[in-house]
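Below is one structure, written out as structure tokens; the observations come after it.
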Amino acid sequence: MATTTNKQRLLNQLFSAYKADSEPREAEPLPVLEQFIYGICREGVSREMADHAFATLREGFFDWNEIRVSATRELEDVFEGMPHAEKRAQRVVSFLQEVFESTFSFDLEGLQKKGVKEAAKKLSRFEAATPFVVCWVVQHSLGGHAIPMDPAMLRTVKRLGLIDDNVDDPEAIQAALEHLIPKSKGPQFTEILSEITQDYCWEDSPNCSACLAASECPTAQSAPADAATTVRTSRVKPR
Ligand code: SF4
């Protein structure tokens with residue numbers, strides 16, 4: 001079990017390595033409705049793939065209403081190459097339909113006036129909602145503190161020792177991460193975690209030798225040298 005000091009040291013190392021490696025990329029500020037849809041695009045994939053899908057949605061259709069009345073198969077092309085493309089398309093259509101039925105518009109900015117907790121609760125009632133999407137909107141549009149976490153990202157935070165292996169309760173995981181990571185660094189942590197998960201910390205044969213967390217990651221440190229330095233060259237980086 002990693003100590004709090006070890007966790008903080010690892011986080012410091014991640015933040016400084018990320019800063020040195022690239023310009024921090026802030027997520028595009030979006031209204032609540034669009035951020036929710038972006039969250040559906042972003043769950044389980046890289047930023048590049050999500051950006052591409054979201055841009056295709058916005059540019060390929062006249063407006064949100066056209067997407068709402070589109071057949072799911074027309075939207076599936078938008079998510080081509082992503083896991084669960086059909087399900088994502090269904091979620092986008094069902095979300096827009098639910099919003100339209102309840103507000104006769106495509107505007108959820110009224111949620112900004114509610115407290116973050118109340119707004120998150122309302123968002124979680126949409127059929128298309130997942131904990132990842134709700135946390136994404138809370139973090140990026142509602143000014144709250146939440147760390148979006150899909151299953152692959154959860155695997156990474158456990159390998160990093162930020163969350164103990166035996167902790168599976170989503171609320172306990174959120175609470176622990178919110179305690180460890182300051183609110184102001186939440187979006188940056190999300191980008192770092194997503195990048196590590198998508199580019200290095202694959203389920204099989206994680207590419208520890210290239211990972212920016214390697215020097216402090218307890219999993220990399222405890223793995224046999226040959227396993228810890230596995231480099232998988234056959235993986236094509238997602239768009
Ligand atoms: S060092 Fe290896 S195990 Fe640790 S986060 Fe990176 S890829 Fe995953």
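So which GluC sites (Glu not before Pro) in the stretch 57-86 are both in a DSSP loop and have at most 13 other Cβ atoms within 10 Å of their Cβ? Passing sites in the stretch 57-86 are GLU80. Between THR5 and ALA210, the FRET efficiency from the beta-carbon distance, with R0 = 35 Å, is close to 0.85. Using a 10 angstrom cutoff on alpha carbons, build the Gaussian network for the chain and name the most mobile of ALA55, ALA128, ALA152. Of ALA55, ALA128, ALA152, the Gaussian network model singles out ALA55 as fluctuating most.
If you run the Gaussian network model on the chain, springs between alpha carbon atoms under 10 Å, then out of LEU154, LEU193, LEU108 the most flexible one is LEU108. Extending 7 Å from the Cα toward the beta-carbon at both LYS117 and GLU59 defines two label points whose distance is 4.3 nm. The convex hull around the C-alpha trace of the stretch 31-88, projected and averaged over every direction, spans 3.7 square nanometres.
Pairs over the 20 Å Cα-Cα cut-off, from the set LYS7/LYS158; LYS19/LYS183; LYS117/LYS183; LYS7/LYS185; LYS122/LYS183: LYS122/LYS183. Computed from the alpha carbon atoms alone, the convex hull of the chain holds 126 Å³ per residue. Projecting the Cα atoms of ALA129, HIS52, SER70 onto the charge dipole of the chain (Cβ charges, centred on the Cα centre) puts ALA129 farthest toward the positive pole.
Computed over the chain with a Gaussian network model linking Cα atoms closer than 10 Å, the most mobile of SER222, SER46, SER141 is SER222. At the listed q of 0.12, 0.16, 0.19, 0.22 Å⁻¹, the Debye profile of the stretch 32-140, built from one uniform point per Cα, gives log10 I(q)/I(0) equal to -0.37, -0.66, -0.94, -1.26.
Applying a DSSP loop filter and a limit of 15 other Cβ atoms within 10 Å to the trypsin sites (Lys or Arg not before Pro) in the stretch 64-168 leaves LYS114, ARG125.
Throughout, read-outs are computed from the coordinates displayed, never taken from laboratory work. Everything numeric here is computed off the predicted structure, so don't read it as measured data. FYI the Cβ positions are ideal-geometry reconstructions off the backbone, even for glycines, and counts take in every protein chain you see.
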